[in-house]
Amino acid sequence: MPKEIAKNGKDYSQLSKDDLIKIVEKLESRKKYGLIWDEEKVKEQFEKDAVNALPVLKEVKGKEIADKNGGPVNILIEGDNYHALSVLNFTHQGKIDFIYIDPPYNTGARDWKYNNDYVDDSDSFRHSKWLSFMDKRLRLAKNLLKDDGVICVTIDDYELPRLWMNMEEIFGHDNHLGTLVIRNNPKGRMTKRKLSLVHEYALFFGKTSESFVRKLPVAPEDKTHNYQKDEDGSWFLQVNLRKQGVDSGAVNKAGKLSDRYYPIYFDPKTGQVSSIKKLPVEILPIDPTGQKRIWRRSKDVIDQMCKIGDLWVKKQTTNGYQVYYKFRGGLEGQTPQSIWYDAEFSASEYGTSTLDKILGKREMFQYPKSPFAVMKSILSGTNDKDATILDFFAGSGTTGQAVLELNKQDGGGRRFILCTNNENNICDEVCYPRVKKVITGYKGAKDSDVKGLGGSLKYFKTKFVTDASNKDDFKIRITKECTEMLCLREGIFDEIKKTDDYRIFQQGDQTLAVYYSLDRKALSDLKKELNKINGNKVFYCFTLDPLGVDKSDFIGWNNVSLEPIPQKILDVYKQIYEY
């Protein structure tokens, strides 16, 4: 009788009883309902790279972009995005406001690689490979979000059902905030037997019950009313107080007059208005029929509006003097609808063409997103103008441009973190050049100058610190290699002093110090240096003790927050890697 070989290629007849019991126990422990895939077939290259080694960051000198105005520092990380996410689990855990990713769609058209090999539709495990690939990264990404943070993942029909189930498993069914249908390809994508596809999807999930979809801001010029721009840049609508600032109920059932029935005083000669100080003209809330009404605002509120110039009186009419005030609401916008079909969301018209114009070359990257689609997605996920946005499938860098465009539009201080590998030189030749040109400016059509949007950028690559049998030696080596990670964690990058034992960095009024040596002799020098500096200071001190440093040894260090290394880094990595 020929041997029966399982579909997975294993000959179970050759296994020991103990091995078979382990397999049965594993099968018994698997969930009976939900998304299940064959993980035995899907070990990734990054797992091999990280055997007895841990990722750190190294800055690529000469590629940084400095903003003379001191704006927020944006980050580009080149390397496997799993390794980048691992680093970010130390530097940015719980700090990210919004994640936008456009992962490979796994169409079967050899559009992505797994373990250095393209995956096509002949691979019977292609869905398992893709799910394993996504699941590992989404789980790390969830840790990075703030409690009210939101993630948006674009996808098409090929993997939508499986991605949806996977995200519900990771983020929870109740934290599914909605699924968008975006008309990203109006001309349609032809298929052999099926409908021509003109759309894709965007899945929005929150980290916790605190997450929610934000209302999209409305530009004043898009409103039907005549909004005006104030001196401070805010927008207001001129509203007649008699028409939209009064209510009935001047006299209650007992016949008592309401305290909201009071005069607003006006001096026609000086234009002065007050609800407290008596002036020549007295304006009462009486309607054209002679009925007494009440002002909706209290006397104190009206008086404050008079003082700051938000309330004034216009010339007399048949109905008496007219009081006007500045209404500053009405621009909160509306909750995004679930179908986006405007022309500006077309990837071909506004994605490819935008990239071609910036780089001055054609077809440098297939299917880049429209910046407008990314911008609207960001605004749907966070209304914080100082938000941190992460894209760990950065590709051509559209998310970076979208963040910079939003900052230009509303004066925000958002910052981005982009992570991408350098397959086919995508980081060197597309992502980095695009971001650089958008920041600094470039030559447009007919050699015209396109002004840069401004901003700063730091460029890092992932590298590895190999483990050793001597754990103390490993701790020493990882401490020496973790400086960029500490700078990224604190957002402090400008080095002001470097010695063999310590380094000091500054960013505005924030200071970072890192002490590398077991020898404590140079600590007194570092203490003197830090005590000269004002502002907030954080000090990372090397120690072999897993319990940290003895804070009693650091009495007299003014306004310094003390952190031990490398144990904090190792504690995070223990949750991710086996070492």
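What follows is calculated from the coordinates using simple rules that are stated; it is not laboratory data. Note that the coordinates shown come from a computational prediction; the quantities given were computed from them, not determined experimentally. Cβ sites come from the backbone with ideal geometry, for glycine too, and all protein chains shown count toward neighbours.
Side notes on the structure shown:
- Annotation: peptides 571-577, 444-450, 196-202, ranked by per-residue average of other Cβ atoms within 10 Å with the highest first, follow the order 196-202, 571-577, 444-450.
- FRET efficiency, 1/(1 + (r/R0)^6) with R0 51 Å, evaluated for Glu344 and Asp472 via beta carbons: 0.35
- Over segment 341-402, relative contact order from alpha-carbon pairs under 8 Å, at least 6 apart, %: 34 percent
- Phi-based couplings in Hz for segment 229-246 (Karplus 6.51, -1.76, 1.60; Gly and Pro marked x): 9, 7, 4, 8, x, 7, 10, 9, 10, 6, 10, 6, 5, 5, 8, 10, x, 10
- Proximity of backbone amide H atoms, modeled 1.01 Å from N, is registered between Leu216 and Gln334, Thr335 at under 5 Å, excluding neighbours fewer than 5 places apart on the same chain.
- Remark on Leu177: its backbone amide H falls under 5 Å from those of Phe204, Phe205, Gly206, a criterion applied only to residues 5 or more positions apart or on other chains, H modelled at 1.01 Å from N.
- Rounded to the nearest whole Hz, the Karplus-based 3J(HN,Hα) values (6.51 cos²θ - 1.76 cosθ + 1.60, θ = phi - 60°) of segment 437-443 follow the sequence 5, 5, 6, 9, x, 7, 8, with x at glycine and proline.
- Compactness of the chain, expressed as Rg and Dmax over alpha-carbon positions, Å: 30.7, 114
- Packing-based ranking, highest mean first, of 502-509, 516-523, 148-155 given that Cβ atoms within 10 Å are counted: 148-155, 502-509, 516-523
- In sequence order, segment 279-296 has phi-based couplings of 10, x, 9, 10, 10, 10, x, 10, 7, x, 8, x, 6, 6, 10, 10, 6, 6 Hz under the Karplus curve 6.51 cos²θ - 1.76 cosθ + 1.60, θ = phi - 60°, and Gly or Pro positions carry x.
- Span from the segment 224-283 Cα centroid across to the segment 503-542 one, whole angstrom: 58 Å
- The three principal axes of the C-alpha atoms in segment 220-327 carry coordinate ranges of 47, 32, 28 Å, sorted with the longest axis first.
- For Trp295, the shell of other residues with beta-carbons less than 15 Å away shows a net charge of +1, using +1 for Lys and Arg and -1 for Asp and Glu.
- Cα-based helix-to-principal-axis angle, 17-29 vs the chain, degrees rounded to 10: 10 degrees
- Our summary gives the chain a relative contact order of 18 percent, counting only alpha carbon pairs under 8 angstrom and 6 or more residues apart.
- Structure note, pairs Lys63/Lys463; Lys437/Lys463; Lys361/Lys436: Cα-Cα distances above 19 angstrom occur for Lys437/Lys463.
- Only Cα pairs under 8 Å and 6+ residues apart enter the sum, and on that basis the relative contact order of segment 470-574 stands at 21 percent.
- Burial ranking of peptide ranges 417-425, 61-69 (average Cβ count within 10 Å, highest at the top): 417-425, 61-69
- DSSP bridge orientation in the chain - percent antiparallel, rounded to nearest 5: 65 percent
- Cross-link reach list, lysines versus Lys192, counting only Cα pairs under 26 Å and skipping chain neighbours closer than eight places: Lys113, Lys129, Lys369
- Pairs from the list Lys68/Lys326; Lys95/Lys480; Lys229/Lys376; Lys142/Lys376 with a Cα-Cα gap above 27 Å: Lys68/Lys326.
- Backbone amide hydrogens, once placed in the peptide plane, bring Ile389 within less than 5 Å of Arg415, Phe416, Ile417, excluding anything fewer than 5 places away on its chain.
- Pairwise Cα inverse-distance average, inverted: Kirkwood Rh of segment 407-540 (Å): 18.2 Å
- Estimated translational D of segment 496-579 in µm²/s (Stokes, Kirkwood radius over Cα pairs; 25 °C; 0.890 mPa s): 180 µm²/s
- For the pair segment 384-419 / segment 145-166, the C-alpha centres are spaced 19 Å from each other.
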